[in-house]
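In what follows, a structure is listed as structure tokens, so that the remarks can point back to it.
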Amino acid sequence: MARPVTLFTAQFSDLPLDELCRLAADCGYDGLELAPMGGYLDIEKAAADLDYCAALRKKLAGYGLRIEAISNHFAGQLVCDPNLDARSDAFAPADCAGDPEAKRAWAIRCMKAGARAARNLEARVVTGFTGSPIWHLFYSFPPVDPAEIEAGFTYFADQFNPIMDEFGRCGIRFALEVHPTEIAFDLYTAERALDAIGRRPEFGFNFDPSHLYWQGVDPVRFIRTFPDRIYHCHVKDAARTLDGASGLLGSHLNFGDPRRGWDFRSPGHGDIDFEAIIRALNTIGYAGPLSVEWEDCGMERRYGARDACAFTRRMDFAPSGQQFDSVFK
């Protein structure tokens, strides 16, 4: 099983697209998980303009690359987020800045457009976030009324069901990256999100072990719990570096600060057991992309891109088609 190995473009979005494509091709990637950042993808234009999509696909094909998935993370974040934080102003057009509901309206429109864009680009899936109206309540003090949490999941379903209707019409799947600040950030909240949205087939998960591992959640157990909902996979590592002074909440220290209790690492340079993950993906029959989301403040980026691609190809393997002892019969 030779799963396609792709590169998530977000962390390289300061490079011109042609330069990024040359880098990805030279490193040995099969394709890209294409994000709008850097002007690489105009999602609303791609939703309506087949010539634009054909030209973009042709550009990548010239480097031997395919568009296996598109990312719509920023728009998705604004759908259910309270949107009161000025940091998210940069996620939406400038004329939405400071207006929570304007950001939300744009986000919903852009998320629906993402389904049409993926169809037109012949991508298989849209990865992204949902935001959450209740993430700020993750620590129950002052005490949180369970009805408020239930209302948050209901709000998520009310916002995302119409979006998923458009995905259904387009035959595209949405893969939520299970992640802190989203409606689902571990196994229990992922289960609850699926229940809230009626377990409709358009909605599944972008499996990223790094966000689970640092929380203490078993990535392999996540795969085994949701075997029919793993629609896309990120390859990203993490390391817990708890030293008795730091904790898992980050200590208000930026990524890359050695005092943090955990941090992201380039694939193969952290603590995640990727062999166990590949075995679990083989068990569920996942044949989609292994998309490198490269995030490591302690490693030079171009070296990291090349090293991560080689690691991902090396650690991927097909399941056996027979019992090892069947030759003895």
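The values are calculated or read from the model by the stated rules, or taken from the named source; none is laboratory data. The structure displayed is predicted, hence computed values, not measured ones. Positions of Cβ are backbone-derived with ideal geometry, glycine not excepted, and every protein chain shown enters the neighbour counts. The accessibility values were calculated without ligands, DNA or RNA, using every heavy atom of the protein model including side chains. Shrake-Rupley method; radii C 1.70, N 1.55, O 1.52, S 1.80 Å.
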Name every residue in region 187-206 that is touching a helix residue (DSSP H, G or I) at 6+ places or on another chain (Cβ under 7 Å) and without any contact (Cβ under 8 Å) to a residue 40 or more places away in the chain, in order of residue number.
187, 192, 200, 202, 205
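Rundown of residues vs (1) part of a helix (DSSP H, G or I); (2) in contact with an Asp or Glu (Cβ under 6 Å, 6 or more places away or on another chain); (3) under 28 Å from residue 21 (Cα atoms), yes/no style:
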residue: 78; (1), (2), (3): yes, no, no
residue: 113; (1), (2), (3): yes, yes, yes
residue: 116; (1), (2), (3): yes, no, yes
residue: 119; (1), (2), (3): yes, no, yes
Index of the failed condition, residue 272 passing every other in (1) closer than 15 Å to residue 218 by Cα; (2) surrounded by fewer than 20 Cβ atoms within 10 Å (Cβ to Cβ):
(2)
Report, by residue number, each residue of region 153-181 that is of a type in the set (Gly, Ala, Ser), part of a helix (DSSP H, G or I) and in contact (Cβ under 8 Å) with a residue 40 or more places away in the chain.
157
Quick one: how many residues across region 198-254 are more than 20 Å from residue 279 (Cβ to Cβ) and either modelled with pLDDT under 95 or open to solvent by 40 Å² or more (accessible area, probe 1.4 Å) (or both)?
17
Restricting to region 60-83, give me the number of residues that are touching a helix residue (DSSP H, G or I) at 6+ places or on another chain (Cβ under 6 Å) and open to solvent by 30 Å² or more (accessible area, probe 1.4 Å).
3
Go through the residues of region 15-24 one by one and say whether even a single one is more than 15 Å from residue 114 (Cβ to Cβ), among the basic types (Lys, Arg) and out of contact with any Lys or Arg (no Cβ under 9 Å at 6 or more places or on another chain).
yes
When residues of region 150-168 are limited to those that are out of contact with any helix residue (DSSP H, G or I) (no Cβ under 7 Å at 6 or more places or on another chain) and open to solvent by 10 Å² or more (accessible area, probe 1.4 Å), the one farthest from residue 133 (Cα to Cα):
168
Every residue from region 7-45 that is part of a strand (DSSP E or B) and either of a type outside the set (Phe, Trp, Tyr) or open to solvent by 20 Å² or more (accessible area, probe 1.4 Å) (or both):
7, 31, 32, 33, 34
Need pairs with beta-carbon distance below 9 Å; first residue closer than 18 Å to residue 307 by Cβ and in contact (Cβ under 8 Å) with a residue 24 or more places away in the chain and within region 270-284, second of a type in the set (Ser, Thr, Tyr) and open to solvent by less than 10 Å² (accessible area, probe 1.4 Å); sequence gap 6+ or separate chains.
270/210; 272/210; 274/312
Filter result for residue 309 (over 29 Å from residue 195 (Cα atoms), modelled with pLDDT of 95 or more, within 20 Å of the chain's Cα centre (by Cα) and part of a loop (DSSP other than H, G, I, E, B))
no
Is it true that residue 184 is among the hydrophobic types (A, V, I, L, M, F, W, C), farther than 14 Å from residue 272 by Cα and in a helix (DSSP H, G or I)?
no
Checking residue 2 against (1) assigned to a loop (DSSP other than H, G, I, E, B); (2) touching a Pro at 6+ places or on another chain (Cβ under 8 Å), which single condition isn't satisfied?
(2)
